[in-house]
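Everything below concerns the one structure shown next.
The values are calculated or read from the model by the stated rules, or taken from the named source; none is laboratory data. Here the structure is a predicted model, which means the values were calculated and not measured. Don't worry about glycine lacking a Cβ; one is built from the backbone with ideal geometry, like all the others, and counts go over all protein chains shown. Side chains included, ligands, DNA and RNA excluded: accessible areas come from the protein's heavy atoms. Shrake-Rupley method; radii C 1.70, N 1.55, O 1.52, S 1.80 Å.
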Amino acid sequence: MYRYDEFDADMVSSRVEQFKAQVERRLSGALSEAEFRPLRLMNGLYLQLHAYMLRVAVPYGTLNSTQMRKLAELADKYDRGYGHITTRQNVQFNWPELTDVPDMLKELASVEMHAIQTSGNCIRNVTSDPYAGAIADEIEDPRPTCEILRQWSTLHPEFAFLPRKFKIAVIASKKDRALIRAHDIGLEIIENDAGDIGYRVYVGGGLGRTPVIGQVLRDFLPRVELLPYLEATLRIYNRYGRRDNKYKARIKILVQETGIEDFRKQVEAEYAELVPLDIAVSPEEVERITQYFSPPDYKDLEDVEVKSDDPAFARWLKHNVLENKTPGYSIVNISLKPKDRAPGDVTSEQMRIAADLADEFSFSEIRTTHQQNLVLPYVETQELENIYKKLVGAKMSEGNIGLISDIICCPGMDFCSLATARSIPVSQAIAERFWDPERQAVIGEMQIKISGCINACGHHHVGHIGILGLEKAGVEFYQVKIGGDPSENTALGQITGPGFSQEELIDGIERMVDHYIEIREDEERFIDTVRRAGVETFKEVLYVDA
Amino acid sequence: MSSAKHKGKGPQSLTANTLRDGLSVWLTAEFDWSMKYSEALITEDDKIIEKMESIGEESERANDVVAPYFIDVEAESGLPVRYREKFRVRGPSYDTATLVPLDIQKV
Ligand code: HEM
Ligand code: SF4
């Protein structure tokens, strides 16, 4: 894993001291709320519906066991004994007190963590494939690129006050497990015909109130040109992005209004000005950073096959475990989607168990996923049963990854001050309705995603079934989208029509699922059937009672 | 309608979050802040509302609370009109904290 250098450590600890002084000045009244608010937001501290909320950055979703234990300790010491994994791979605490936050940040700094740039109109935490470094289909580990971007974008003076927030995601496989085309910039590491490695650059994706799928800005960008080219892109955005209207301020709107062709010309013109590439990262520096992500000390093992007569374990093996690229090793997904909890919530006790498992079985490394689960990337296949047994004891053994109960869900009205409706109870009701594991297996891959308002933090636009919570005259109702796809075939769902009460919604979803099972052909997943048969036929069963 | 200045309709209550812990509070008949909505002062009397407004501003200047604002209250139920405000009164309908033993939680 990457280790902070002295510069990082100094920067983070001086930020902690600075924020401590700012909090003191706020408490003494030297700073008003209007003055303090932007300062606390720069340190990831929001004021939510019932309390403050602290968002901690988890760069590219990689944590070591020490960091995970620290998060558990913070949850106990300063919060209510749990944390929440977000769709951007970060961790949120729902109940901290302002007076404790400087101490929390200090403790985080002691394990090389912080909350900088988890809010505000800056370049946010860079996200990536949760299987990075472990999965066979990758061209290379995408995390050195993420780390280069982290170093470049952290406290970048020119990009601290962009027109709006800016999100970047990086993958290195054809399979997209990081939703790169719903990001302001998405980077796909590719190999060209000449055998050189570089980037396909996507721009202008985003969800929120105006969902847009990112378009190709550059088909192949040589590796060494990464930072200068992104610098040029950000400059164009910084210069022309709309600051007059918050809802039109994201780069996606600029790209839409300019047109991708003209936008590309502007970027290339700016880029030409930047040559010589004085901020390009030298191959030596790339090599130095890449060293930190060297594969762990794998043993020389043969592939083994693990089978079981225990149906729950067999299910877990089938849905939660993938092959690691090294023989004899596996990637284990730990589901944070038990039936009756909030998706992505993890108690301090569970965090400690995950940390212990990582130490014992996964070279001390853990990943957070945008799907709001955890991953142990480097597990000896013959240890799977041992791990499973320990997960059973910790109530983290659901074998439901990628299935209908593996729901993405934002905090919604239960916690969020911007919400229009609740989302957690809806996800719980869906999980309850479809809990029977046999039935989940029959339904197969299904991505349900729920947001509690149009900001779309719960990714509902790209759910196979997407649900948006709204409110009218004091009553919650839920609008349904179908046909979205968060994979490399990124697609936005279509709105079906007027919304439903929660109860009607669950019945409607059940009718759509049953309809799919009735009409599906061969190995079709739900999304494949929607594509083949069209949204209309699903709409008919959804609105059959209406 | 909810606003820092009173522009609402019908009975009003004044709410804010405390600066130190961020928790929701409502102004009481004693012109104190309480975490219990059941103790909230609810009134249509313009004189009292004016006084509430100045207490709100004072508390903000004294750094006790953040961003006080008036909310409309339903005459019959005594609950806030807006759905969001009902939720601030009720608290989360689900909180993972309920699964964590109380002795290891700070709050
Ligand atoms: C609780 C405090 C939160 C606030 C105030 C908040 C606010 C927002 C806003 C205003 C947007 C729309 C941005 C735009 O379109 O320009 C947004 C988008 C988004 N948020 Fe949140 N959010 C919160 C929590 C979360 C959580 C818990 C997650 C993950 C579960 C999350 C992940 C995202 C994602 C993935 C997007 C959409 C991607 C995009 O277009 O930027 N947010 N958020
Ligand atoms: S989608 Fe809306 S309700 Fe959900 S977390 Fe984002 S801002 Fe809050």
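The lone criterion from (1) out of contact with any strand residue (DSSP E or B) (no Cβ under 6 Å at 6 or more places or on another chain); (2) closer than 28 Å to A:Glu24 by Cα; (3) of a type outside the set (D, E, K, R) left unmet by B:Leu14 is number (1).
Can you name every residue in the stretch A:394-434 that is β-branched (Val, Ile, Thr) and within 13 Å of chain B (Cβ to nearest Cβ)?
Selection gives A:Thr420, A:Ile424, A:Val426.
Taking the stretch A:114-159 as the range and being touching a helix residue (DSSP H, G or I) at 6+ places or on another chain (Cβ under 8 Å) and hydrophobic (A, V, I, L, M, F, W, C) as the test, the residues that pass are A:Ala115, A:Ile116, A:Cys122, A:Ile123, A:Val126, A:Ala132, A:Cys146, A:Ile148, A:Leu149, A:Trp152, A:Leu155, A:Phe159.
A single entry from A:Ile190, A:Ile171, A:Ile197 fulfils the requirement of being of a type in the set (A, V, I, L, M, F, W, C) and touching a Phe, Trp or Tyr at 6+ places or on another chain (Cβ under 9 Å): A:Ile190. Candidates in the stretch A:435-475 are the residues that are within 13 Å of ligand 1 (Cβ to nearest atom) and not in a loop (DSSP other than H, G, I, E, B); of these, the one that is farthest from the other protein chains (Cβ to nearest Cβ) is A:Val462. Listed here are the strands (runs of 3 or more DSSP E) enclosed by the stretch A:305-363 that have at least 2 residues being surrounded by 21 or more Cβ atoms within 10 Å (Cβ to Cβ) and in contact with a Gly (Cβ under 7 Å, 6 or more places away or on another chain): A:345-347. Residue pairs whose Cβ atoms lie under 8 Å apart, sitting 6 or more positions apart in sequence or on different chains, and linking a residue in the stretch A:400-416 that is open to solvent by 20 Å² or more (accessible area, probe 1.4 Å) to a partner that is polar (S, T, N, Q) and more than 8 Å from ligand 1 (Cβ to nearest atom), are A:Ile401/A:Asn320; A:Ile401/A:Asn333; A:Ile401/A:Ser335; A:Ile401/A:Gln371; A:Ile401/A:Asn373; A:Pro411/A:Asn94; A:Pro411/A:Ser423. Screening A:Glu521, A:Glu504 for residues that are part of a loop (DSSP other than H, G, I, E, B) and modelled with pLDDT of 95 or more leaves exactly one candidate, A:Glu521. There is at least one residue in the stretch A:223-236 that is among the aromatic types (Phe, Trp, Tyr) and under 26 Å from the mean Cα position of the chain (by Cα). On inspection, A:Leu403 fails the criterion of being in a loop (DSSP other than H, G, I, E, B), within 16 Å of ligand 1 (Cβ to nearest atom) and on the phi < 0 side of the Ramachandran plot. Candidates are the residues of the stretch B:84-103 that are open to solvent by 20 Å² or more (accessible area, probe 1.4 Å) and under 17 Å from B:Pro11 (Cβ atoms); the one that is nearest to the other protein chains (Cβ to nearest Cβ) is B:Lys86. A count restricted to the stretch A:215-263 and to residues that are without any contact (Cβ under 8 Å) to a residue 60 or more places away in the chain, open to solvent by 70 Å² or more (accessible area, probe 1.4 Å) and within 16 Å of ligand 1 (Cβ to nearest atom) stands at 6. All of (1) open to solvent by 50 Å² or more (accessible area, probe 1.4 Å); (2) more than 13 Å from ligand 2 (Cβ to nearest atom) hold for A:Gln447 with one exception: (1).
Looking for whichever is in contact (Cβ under 8 Å) with a residue 40 or more places away in the chain and more than 22 Å from A:Asp5 (Cβ to Cβ) here; the options are A:Ala115, A:Ala134, A:Ala109. Which one fits? Of the residues listed, the single one that is in contact (Cβ under 8 Å) with a residue 40 or more places away in the chain and more than 22 Å from A:Asp5 (Cβ to Cβ) is A:Ala134. Looking for something closer than 20 Å to B:Leu23 by Cα and either open to solvent by 50 Å² or more (accessible area, probe 1.4 Å) or in contact (Cβ under 8 Å) with a residue 40 or more places away in the chain (or both) - is there at least one such residue anywhere in the stretch A:16-23? Yes, the conditions are met somewhere in the stretch A:16-23.
The residues of the stretch A:476-501 that are assigned to a strand (DSSP E or B) and free of Cβ contacts under 8 Å to residues at least 40 places away in the same chain, listed by number, are A:Gln479, A:Lys481, A:Ile495, A:Phe500.
Filtering B:Ala67, B:Ala62 for residues that are over 22 Å from B:Arg90 (Cβ atoms), modelled with pLDDT under 95 and not hydroxyl-bearing (Ser, Thr, Tyr) leaves a single hit, B:Ala62. The condition of being at pLDDT 95 or above, of a type outside the set (Asp, Glu), out of contact with any Lys or Arg (no Cβ under 9 Å at 6 or more places or on another chain) and more than 30 Å from A:Gly133 (Cβ to Cβ) does not hold for A:Arg177.
I need a count of the residues in the stretch B:43-68 that are closer than 29 Å to A:Cys410 by Cβ and crowded, with 16+ Cβ neighbours inside 10 Å. Steps first, please.
The initial filter retains those residues of the stretch B:43-68 that are closer than 29 Å to A:Cys410 by Cβ, namely B:65-68.
Going one step further and asking which of them are crowded, with 16+ Cβ neighbours inside 10 Å, we end up with B:65-66, B:68.
Result for the stretch B:43-68: 3.
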